[in-house]
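Report on the structure given below.
Just so it is clear, none of the values below were taken in a lab; they were calculated from the coordinates. Small disclaimer: the values here were computed from a predicted structure and weren't measured. Positions of Cβ are generated from backbone atoms using ideal geometry, with glycine treated the same way; all protein chains shown enter the neighbour counts.
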Amino acid sequence: MHIQNILSTAVKQAASTLFEKEIETVEFQATKKEFDGDITIVVFALLKVLRGNPEAIGTQIGNYLVEAVAEVESFNVVKGFLNLSIADRYYTESFAALFNTADYGICSPIVAEQAVMVEYSSPNTNKPLHLGHVRNNLLGFSVSKILEASGKKVYKTQIINDRGIHICKSMLAWQKFGQNETPKSTGLKGDKLVGNYYVAFDKAYKEEINKLVAAGTSEEEAKKQAPILMEAQKMLLQWEAGKPEVVALWKKMNQWVYDGFDTTYKALGVNFDKNYFESNTYLLGKDVVNNGLKKGVFYKKDDGSVWIDLTDEGLDEKIVLRSDGTSVYITQDLGTAIERFRDFDIDSLTYTVGNEQDYHFKVLFLILKKLGFSWADNMHHLSYGMVDLPSGKMKSREGTVVDADELIAEMVQTAKELSQELGKLEGYNDSEKEALYQTIGLGALKYYILKVDPKKRILFDPKESIDFNGNTGPFIQYTYARIQSILRKADFDIAKPIAEITLSNKEKNLIKQLQIFPETVQLAAKNQSPAIIANYTYDLVKDYNSFYQSSYILGCEDEGLKIFRTQLSKKVGEIIKSGFNTLGIHVPERM
RNA sequence: GGCCCCGUGGCGCAACUGAAUAGCGCAUCAGAUUUCGGCUCUGAGGGUUACAGGUUUGAAUCCUGUCGGGGUCACCA
């Protein structure tokens with residue numbers, strides 16, 4: 001049983017026997033380093049019920065606890081803080097229990113009571129993925145893993161924006177300038193090839209505008225009348241009408257992009273249980289709007305457009321259907337949300353989308369609620385900040401976009417250089433080495449991005465790039481590898497029960513840190529924040545390194561201590577692995 | 001302009017959601033291996049938590065205002 005539960009009960013008993021008062025909750029915190037003790041009760045919080053001097057009350061409760069609770073060895077009171085020293089035996093027993101628990105802290109999805117869907121990535125098919133997508137993918141994937149670890153069944157999904165005028169632009173440019181180039185003929189990744197034609201379209205479009213303006217057309221008119229744009233719009237209509245050549249070209253080029261994306265997703269180590277395609281869903285939602293009209297949730301203006309009035313909620317009026325009867329963005333989102341709850345037995349849905357869409361999702365969730373869907377309260381927008389460069393925002397026109405594939409390649413290259421200098425890779429063949437460089441390079445990238453609170457902006461400096469020292473993925477991976485090295489050398493029965501031993505402070509700290517892993521996973525799931533796991537793991541590793549530096553493990557004279565310290569090392573390694581697994585980061589046996 | 005998010009040592013991040021003297025990494029300086037992997041560890045300097053009020057026994061955290069940064073207010077997605 002957790003010590004806090006024991007103490008909590010005992011403090012409540014103390015309150016009723018000593019003061020004849022009832023206490024609801026007891027507040028605990030870890031005792032600060034500069035004071036004696038292991039766990040601290042905040043007496044201040046009890047004063048609202050137990051009137052009086054905090055130090056006197058603390059002393060009375062302290063005396064009671066030493067008498068009544070076997071685990072409490074001694075106490076001291078500083079101001080309103082009651083610091084308790086807990087017996088070593090409690091920690092060794094607690095450690096023995098968690099040591100023997102496989103996948104400690106990780107819930108099995110089989111016990112899932114709730115299923116959730118997490119949407120992330122959701123790219124357009126006219127451009128390659130960049131650094132912003134990388135953050136999105138890493139966040140979405142990690143949150144999925146964290147939710148799973150917290151005991152929920154998770155469905156990962158994305159919606160691919162595979163239709164619309166932007167797609168037609170690259171199609172048209174390829175038709176005009178492409179000379180039948182293919183990924184095969186050029187050796188380019190499909191998404192890169194298609195992206196190039198999107199850029200080519202833009203270039204041709206601008207030239208036409210300039211010509212028109214030179215001929216006397218206003219800039220505004222020129223933007224609308226440029227022939228290549230009108231051609232693209234015509235192509236979109238043909239696509240909607242199902243014209244076979246257009247549809248065939250669309251399929252061909254989108255497939256190139258999907259193949260390219262797959263490569264990037266594999267490199268990032270993310271995946272999906274189901275893909276939705278906008279080409280299948282863009283007509284959804286109209287019937288929802290019609291039903292809502294009947295219910296009086298929406299209203300129609302004279303021109304036929306349909307709106308919702310959210311001014312009572314402090315928001316604006318929002319259009320949900322155009323005057324010509326076609327959908328807007330939010331119409332589709334209404335439709336797809338409802339469809340997903342039909343497709344899957346889920347009771348919650350999380351969207352991983354940048355914070356520039358905060359308002360959109362607020363409105364979306366509110367509308368669903370007004371339409372009377374019971375699950376509308378369980379919708380989450382996993383909103384994250386932009387990834388900025390020192391020069392400001394990434395802009396494709398100015399060529400300041402950090403390409404995802406190039407970034408990954410650079411990270412892996414850096415890992416390779418470092419490993420060749422410092423690595424212990426005797427006996428690894430080339431493909432094993434290559435896999436290791438991937439593990440380290442991606443570990444650095446993923447940790448760098450995930451350790452930051454999602455809602456904060458990240459400033460990414462390509463020149464300084466990403467550290468491999470300090471609070472970084474490779475630092476943690478290194479500690480893991482070192483533990484594995486120790487375990488390989490242990491030539492005795494590691495699983496043996498531990499004899500009576502005296503714990504050092506460093507060992508006790510490590511056990512305390514291991515004890516809070518399960519609640520850390522739950523907290524991260526509740527907040528949908530991988531940063532919580534990242535920071536926890538870092539703290540654990542720091543504690544371990546400090547312990548490692550000051551204590552012999554295999555070289556320890558005392559047999560019981562030797563076994564205990566090896567067990568401790570093993571468990572720390574396992575928790576590093578579990579924690580990193582929820583971040584989507586691998587750990588190496590050697591590096 | 002309305003609404004939303006952010007502001008913590010030179011830089012990058014924490015602070016268990018209101019508790020003790022605000023922690024850590026990078027960088028700087030000084031130390032530590034006849035020992036299990038030095039991508040390590042120990043220590044030092046560096047802060048009025050943007051500013052001003054307020055609530056509270058207690059505020060980086062909650063409330064109000066000001067300043068600064070970003071986002072958003074399309075019959076775009």
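Points worth noting:
- Close amide H partners of residue A:320, meaning residues 5 or more places away or on another chain with modelled amide H under 5 Å apart, are A:306, A:307, A:308.
- Cα-centred dipole magnitude for chain A, charges only on beta-carbon of K, R (+1) and D, E (-1), debye, nearest 20: 980
- Computed over the stretch A:139-201, the alpha-carbon pair-distance distribution with 10 angstrom bins reads 19, 31, 18, 20, 10, 1, each value a whole percent.
- When only the Cβ of Lys, Arg, Asp and Glu is charged (+1, +1, -1, -1), the dipole of the stretch A:74-143 relative to its Cα centre reaches about 360 debye.
- Footprinting exposure proxy ranking of A:591, A:386, fewest other C-beta atoms within 10 angstrom first, gives A:386, A:591.
- Under 5 Å between amide hydrogens, built in the peptide plane, is the criterion, and for residue A:389 it picks out A:394, A:460 among residues at least 5 positions away or on other chains.
- Between the stretch A:300-342 and the stretch A:440-464, the Cα center-to-center distance that results, in Å: 37
- Relative contact order, whole percent, for chain A stands at 15, derived from Cα pairs under 8 Å and 6 or more residues apart.
- Listed residue pairs exceeding 31 Å between alpha carbons, taken from A:156/A:489; A:127/A:223; A:32/A:156; A:251/A:274; A:416/A:512: A:156/A:489; A:32/A:156; A:416/A:512
- In this structure, the amide hydrogen of residue A:382, modeled 1.01 Å from its nitrogen in the peptide plane, lies closer than 5 angstrom to those of A:351, A:352, A:353, counting only residues at least 5 positions away or on a different chain.
- Reachable lysines from residue A:362, criterion Cα separation under 16 angstrom, eight or more residues apart if same chain: A:318, A:370, A:455
- Cβ-based exposure ranking for A:208, A:24, A:313, A:148, in which fewest neighbours within 10 Å come first: A:24, A:313, A:208, A:148
- Where only alpha carbons of the stretch A:446-591 are counted, the Rg and the Dmax (Å): 16.5, 54
- Gyration tensor over alpha-carbon atoms, chain A, equivalent ellipsoid semi-axes in Å: 54, 33, 19
- Percent of Cα-Cα distances greater than 14 Å, calculated over the stretch A:3-86: 56
- Taken over the stretch A:380-523, the ratio of Cα radius of gyration to 2.2 N^0.38 Å equals 1.38.
- Across the stretch A:164-275, the fraction of Cα-Cα pairs farther apart than 24 Å, rounded to a whole number, is 36%.
- Unit charges at the beta carbon, dipole of the stretch A:433-591: most positive-side option, A:499, A:553, A:528: A:528
- The stretch A:236-359, Cα convex hull volume normalised per residue, Å³: 164
- Of all DSSP beta bridges in chain A, antiparallel share, percent nearest 5: 50
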